[in-house]
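Structure first, commentary second.
The values are calculated or read from the model by the stated rules, or taken from the named source; none is laboratory data. Here the structure is a predicted model, which means the values were calculated and not measured. Quick reminder, even Gly has a Cβ in these numbers, built from the backbone with ideal geometry, and neighbours come from all protein chains shown.
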Amino acid sequence: MVPLFALLVALGGTGTILIYRLGSGIDEILRENYVSVVAMRDLNEALERIDSSLQFALAGREKESYQQYEANWKLYKASLLIEQNNITLPEEGERVDRLTKLTDRYRRQGDEFFKHVGQSRSRLYFGDDSEPGLYGIFREIKTVSGEILRMNQDNMEEANRQARRLAHSSLIWYGGGLAIGIALAVFLVAGMIRTIRYPIRAVTESAMAIGAGDLDQIVPVSSEDELGQLASAFNSMARQLREYRQSHKAQLTRALRTSQATINSFPDPVLVVDLQQHVELANPMARRIFGVVPIESEAGTRLVWQPPDPLRQPLADVLQNSREYLPEGFDKAVVLPMGEDSHFFLPRILPIRDSDGATIGAAVLLEDITRFRLLDEVKSNLVATVSHELKTPLTGIRLVLHLLLEENVGPLTPKQLELLVDARDNAERLLIMINNLLDLAKLEHGGSQLHLQPEMPLALLQSAIDSFRPRTEDGGVELTMDAADDLPPVAVDVNQFQHALQNLLDNALAHTPQGGHIALSAHSAGGRIVFSVADTGCGIPAQYLPMVFERYFRVPGDTSHGGSGLGLAIVREIAAAHGGTVECESRPGETTVFRMSLPVWTGEIARGPVERDG
């Protein structure tokens, strides 16, 4: 290896020196000569223009000729100065001195020329037998500058020929050295290949055998050099792999047993699936619920499982996007048979990631919420029953309070009037709360029937505006509407829709201070009509936006009104009953916008009431 390396260094150094000599020498010569060539070219161009200015003067164009004369003398002198500072060839200095003298003489006679007029000028330009004129000096300058130009051009051509000769000889010598280097390199490489081929082949064959699972490999050690050390290290690695496989197999078996025992202890169904949705682990409850049974294959025992329809898309999303699926509401529960009964399970699907964060599977846990759902139904039924029973006597109390306030049974003192007004307001608020509870119970249990019919969005908004405007005027709040005339009709139950829209307006008015603004609008988007209610109230903090449509929820610290927290929950249920959605967007301190999206009327007329699925 050392001789080969030395040869490469010698060849590289020689080539570098030759290229440097060739490049630097020729570059210097060409650069110096090129400067002189350009200077003489520019000088001749300026000289031609100076001579033209003298001819213009002879033609009577005095002012224009003198300006051209002075301007071109500046260019001429600049070019002459460059040449005076760039004398690089023998005899070039002598010609430059001669050019300088001719230039001084030409300048003096030119200045004298512009001081005379008439025949004197003609004599100064063309000269006579005793002394040449400006034109004669002009020709001499052209001759001398041409000689300087040709000297530099000839030198450039000679430098080019030298460069070719040097390049040709360098190529011959360098090619010969390169051929010798290649022959020596081939000889050395052939010897090295013969020396290392056998050990490397032995190591390669043993490595392939280990990759195939055969760890009982030993590579013979024939020397103490690098190849011998490689063989010894390979044998040591194979021995450690054999020991590690034995210990790791025991640890893996123990870990699998521990994992299986852990999930078996869960009372709820638990499964672990891979990216192909093949079950890797399942506890007894999961096997019982889903009928997961192990089957034998060449790859080992695999558990085949077909997820129920409600779980197929969420499971695929978790495996593809690595996002958790953790629903909270009873509406996301999955109904599965258990014996003769059906149970409700709330799914929990979590991605399983490796140490690099890549998803390698998912864990599926089904939480049995049957008892909680029954308790929720009992609670809802109890609330509905109690509300219904309270509504009748409360209506009677409300009627009595109104009769007393009208003083049909006798006059009232101011204190009695104050107490009765307070009692009437509380009765009205309590009646509204009871009506909301009854409406919510009907909507949640599918007892509310919808009479769908096509309605124009503009007419729906106008009806809501007309009924709500007196309240906004009393509160000092501006109410506006924005909707196009050509919006397509929507399929709505007018009473239920107006109820939802009324709740949104009530909520906006309750949180908008005097002098604020409420905007009601509608627009088309993707085959739906989006109704929006925007206010300039206090807004809702971002952390509470996901909960605003929950029953009985009120923003902590909000004392602007004494609502029950059911109005927005009713809006959500009415929107869902119409096949629509509702969402909220808010910037605290600026604005809050509620958007209810409903499907466009398809042209099919509903026959009779439409009942929402429970």
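Table: residues versus (1) part of a strand (DSSP E or B); (2) more than 17 Å from E455 (Cα to Cα); (3) of a type in the set (S, T, N, Q).
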position	(1), (2), (3)
A491	yes, no, no
Q498	no, no, yes
D506	no, yes, no
V533	yes, yes, no
- Query: List pairs: first in the stretch 266-285 and on the phi > 0 side of the Ramachandran plot, second surrounded by 14 or more Cβ atoms within 10 Å (Cβ to Cβ) and small (G, A, S), Cβ under 7 Å, 6+ apart or cross-chain?
  - Reply: none
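Return yes or no: is Y544 at pLDDT below 85, over 30 Å from D486 (Cα atoms), in a loop (DSSP other than H, G, I, E, B) and not hydrophobic (A, V, I, L, M, F, W, C)?
Working: at pLDDT below 85: yes; over 30 Å from D486 (Cα atoms): yes; in a loop (DSSP other than H, G, I, E, B): no; not hydrophobic (A, V, I, L, M, F, W, C): yes.
Answer is no for this residue.
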- Message: Among the residues in the stretch 353-368, are any at pLDDT below 85 and more than 37 Å from the chain's Cα centre (by Cα)?
- Response: yes
- Task: Return the total of residues in the stretch 507-525 being modelled with pLDDT under 90, under 21 Å from L568 (Cα atoms) and small (G, A, S).
- Result: 2
- Query: Can we say T413 is among the hydroxyl-bearing types (S, T, Y), surrounded by 14 or more Cβ atoms within 10 Å (Cβ to Cβ) and modelled with pLDDT of 70 or more?
  - Reply: no
- What pairs come up if the first residue lies in the stretch 203-216 and is under 14 Å from Y244 (Cβ atoms), the second is at pLDDT below 70 and of a type outside the set (A, V, I, L, M, F, W, C), and their beta carbons are under 8 Å apart, counting only those six or more places apart or on different chains? I210/Q217
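Okay, residues lined up against (1) buried (at least 22 other Cβ atoms within 10 Å of the Cβ); (2) among the aliphatic types (A, V, I, L, M); (3) touching a helix residue (DSSP H, G or I) at 6+ places or on another chain (Cβ under 9 Å):
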site: F468; (1), (2), (3): no, no, yes
site: R471; (1), (2), (3): no, no, yes
site: V477; (1), (2), (3): no, yes, yes
site: A483; (1), (2), (3): no, yes, yes
site: A491; (1), (2), (3): yes, yes, no
site: H499; (1), (2), (3): no, no, yes
- Task: Report whether or not I465 is within 26 Å of P513 (Cβ to Cβ), assigned to a helix (DSSP H, G or I), among the β-branched types (V, I, T) and modelled with pLDDT under 70.
- Result: no
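For every residue, the table says whether it meets (1) surrounded by 10 or more Cβ atoms within 10 Å (Cβ to Cβ); (2) in a loop (DSSP other than H, G, I, E, B); (3) modelled with pLDDT of 75 or more; (4) not assigned by TED's automatic domain parsing to the domain that holds T16.
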| residue | (1), (2), (3), (4) |
| --- | --- |
| W173 | yes, no, yes, no |
| V186 | yes, no, yes, yes |
| A190 | yes, no, no, yes |
| T195 | yes, no, no, yes |
| R201 | yes, no, no, yes |
| E205 | yes, no, no, yes |
| M208 | yes, no, yes, yes |
| V221 | yes, yes, no, yes |
| E224 | no, yes, no, yes |
